[in-house]
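Beneath this line is the structure, given in structure tokens, with notes to follow.
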Amino acid sequence: MDVWYVGVLAFRKNVLMVRTKTAEGAGKWSLPREFVRHGEKEDDAVILTLRQDTGFDTVPNRFLYETEPMEDGSLVRCYLLVFDRAEGAPRDFSDLNVALTNNSSTRECRWFPLGEAGEDPEVARAIPLLACKVDNWPAAHPYNWASIPDKKREMEHRARRAQRYFTIPEPPEPEPDPLYQALFKIADHIPERHELVWDFVRRFGGHPSERVRDALAVCLLEDLLRDHFDRFFPKVELLAGQDPGFADCFWRCWDVGQASLPGNQERFRSLQERIRSKKGGGT
């Protein structure tokens, strides 16, 4: 069966969209896509096209959804794409905009804020499945956080709830992972209860499950360093030197916010490079 391979590449609450340029004008903005005939490898198609159009190196992260076959027998498979860390992912929009100047002659690319991109039916269908997988993607909260009177007790409740998902298998695709959803609720406490959040990360950052370490990095540790770098980076550095599991958790973080400032960024990347060297030395 022939397939349209569609990729969702998001960054800082923005989604990359493309449109074709023709002699008659520009077409409609849509998610990057490539047609893949039966027997061809899906993963390579849109990834190669994105590299040609933008210079971005991406890898598939997870399957999101598949449509019913269309009249011509083809269907759409939508995947979440992430920047290839091994090739050097962009750190902020200045890097991204530079890459976008390398557009092909037939297609143009643009980053759309989530609110605008969500008007596209394919993006709208992907949003509920992305809430726990994309950097700084807004999570849906069932109530007003500011209205909770006892935030410490609520934090403890959310921490217990999150721990229950540590040992529950990841749900089948394309269902969102409840572990990420639970950890994003803990992240609500970072502005006022960051020490409690750090205690949670410190306790479980070296968890034997790679899934748990990745979720803690994406949902909590990265945000702690984003907002409170001077307070927590020395603790992270110390613990990473003592616990290889926690070091791996930190290695999965990006240097954003305060961690991207001059001086801080050098310390952040230096630690990640030392961790990477140890990983390589063990192979």
Are there any pairs, at least 6 apart or on different chains, whose C-beta atoms fall under 8 Å, with the first in segment 175-201 and closer than 20 Å to Lys235 by Cα and the second at pLDDT 85 or above and acidic (Asp, Glu), and if so, which? Ala187/Asp223; Ile190/Asp223; Ile190/Asp227; Pro191/Asp227; His194/Asp227
Would you say Ser260 is farther than 23 Å from Phe204 by Cβ and touching a Phe, Trp or Tyr at 6+ places or on another chain (Cβ under 9 Å)? yes
Residue selected from segment 61-116 under the condition at pLDDT below 65 and within 22 Å of Arg211 (Cα to Cα), by the criterion surrounded by the fewest Cβ atoms within 10 Å (Cβ to Cβ): Ala86
Heads up, the helices (runs of 4 or more DSSP H) in segment 124-235 (entirely inside) with at least 2 residues that are at pLDDT 90 or above and buried (at least 21 other Cβ atoms within 10 Å of the Cβ) are 190-204, 210-216, 222-227
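The values are calculated or read from the model by the stated rules, or taken from the named source; none is laboratory data. Predicted, not measured: the structure shown is a model, and the values here were computed from it. FYI the Cβ positions are ideal-geometry reconstructions off the backbone, even for glycines, and counts take in every protein chain you see.
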